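This report refers to the structure that appears directly beneath it.
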Amino acid sequence: MKDEELEAQLKYLRLKNLLADWDRIIDEADRKKPSYTRFLKDVVLREHDLKRERSRLLRLKKAQIPNVWVMETYPFEKQPKLAKRKCMELYDSKRYLLTPENVALIGPTGTGKTGLATAYLVHAINSGATGRFILFADLIDELFQAVADHSEKRVIKRYLQYDCLVIDELGYEEVDSQIQAGLVFRLLRQRKKCTVITSNLGFDEWPKFLKNQNLAAALIDKFTANCHLINMLRCRSITPRAIPPA
């Protein structure tokens, strides 16, 4: 492209694909000679698809997923005790995202809970939603640190806004104080969107790491009021297959 004025206009409009591929697009139009309507539709579609893909990749990056697992690579064949149909119906329908509904993956360490939770999160992000992955230990640390500088309202508000929030390894570490337990309860009580948790503890064991029987009971009632339980207690230890972000 040699037209500096046009190049500046495209940069201003942030039409990056059109700017980068201008010569190829014009050459292709000269060869195929599409109608003006078809030509303009193709140009707009290219820009639309590029912008959507950039947005998807940015949301995926912001989700801070340590290992990107997708449902297509989950080794269901190694988990005959896992309710595959239930997992797939929830995944294909996106009910957990659209209704929205919570998801609890309960089972021993190494059974693939994190892989499934991540697959639901990636699916949500690829469908246009916002999301975040965080370890339970990191979440309570962040919430507790926010108390020191009086920013807990801002931090909780940020976590409330995610369309799909994955809290991994809930209960692997006990909360150190009732302040931490209260902040966790406050966050999960206020969330109106999908929350996916993984835990090696059944709901009856939650009082152990929260160190508060009443608070644990209230939290369980709130979380399970609209929740899909995926029982992995009888599943074997596996290693899900991670894939690089597309």
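The values are calculated or read from the model by the stated rules, or taken from the named source; none is laboratory data. Bear in mind that the values here come from a model prediction, so they are computed numbers and not experimental data. Cβ coordinates were reconstructed from backbone atoms using ideal geometry, including for glycine residues, and neighbour counts include every protein chain displayed.
Confirm whether K81 is at pLDDT below 95 and outside any helix (DSSP H, G or I). Taking the combined requirement at face value, the residue satisfies it.
Among the residues of segment 100-154, those identified as hydrophobic (A, V, I, L, M, F, W, C) and under 14 Å from the mean Cα position of the chain (by Cα) are V103, L116, A117, A119, L121, V122, A124, I125, A129, F133, I134, L135.
For segment 88-112, a residue qualifies if it is outside any loop (DSSP other than H, G, I, E, B), touching a helix residue (DSSP H, G or I) at 6+ places or on another chain (Cβ under 7 Å) and more than 14 Å from V166 (Cα to Cα), and the qualifying residues are L90, Y91.
Annotation note: Cβ proximity below 7 Å between a residue of segment 44-70 that is without any contact (Cβ under 8 Å) to a residue 60 or more places away in the chain and closer than 29 Å to W22 by Cα and a residue that is surrounded by 16 or more Cβ atoms within 10 Å (Cβ to Cβ) and not small (G, A, S) (sequence gap 6+ or interchain) occurs for R46/N17; E47/L15; E47/N17; E47/L18; L50/N17. Do we find a residue being at positive phi and of a type outside the set (D, E) anywhere in segment 170-182? So far as segment 170-182 goes, yes, one or more of its residues are at positive phi and of a type outside the set (D, E). Before we move on, is E205 without any contact (Cβ under 8 Å) to a residue 60 or more places away in the chain and in a loop (DSSP other than H, G, I, E, B)? For E205, the condition - without any contact (Cβ under 8 Å) to a residue 60 or more places away in the chain and in a loop (DSSP other than H, G, I, E, B) - is not met.
Of the residues L105, L97, L82, the single one that is touching an Asp or Glu at 6+ places or on another chain (Cβ under 8 Å), crowded, with 19+ Cβ neighbours inside 10 Å and not polar (S, T, N, Q) is L97. Considering the conditions (1) exposed (fewer than 13 other Cβ atoms within 10 Å of the Cβ); (2) over 24 Å from R95 (Cα atoms), K192 is excluded by exactly one of them, (2). Per the listing I106, I125, I140, the residue uniquely free of Cβ contacts under 8 Å to residues at least 60 places away in the same chain, of a type in the set (A, V, I, L, M) and assigned by TED's automatic domain parsing to the domain that holds N200 is I140.
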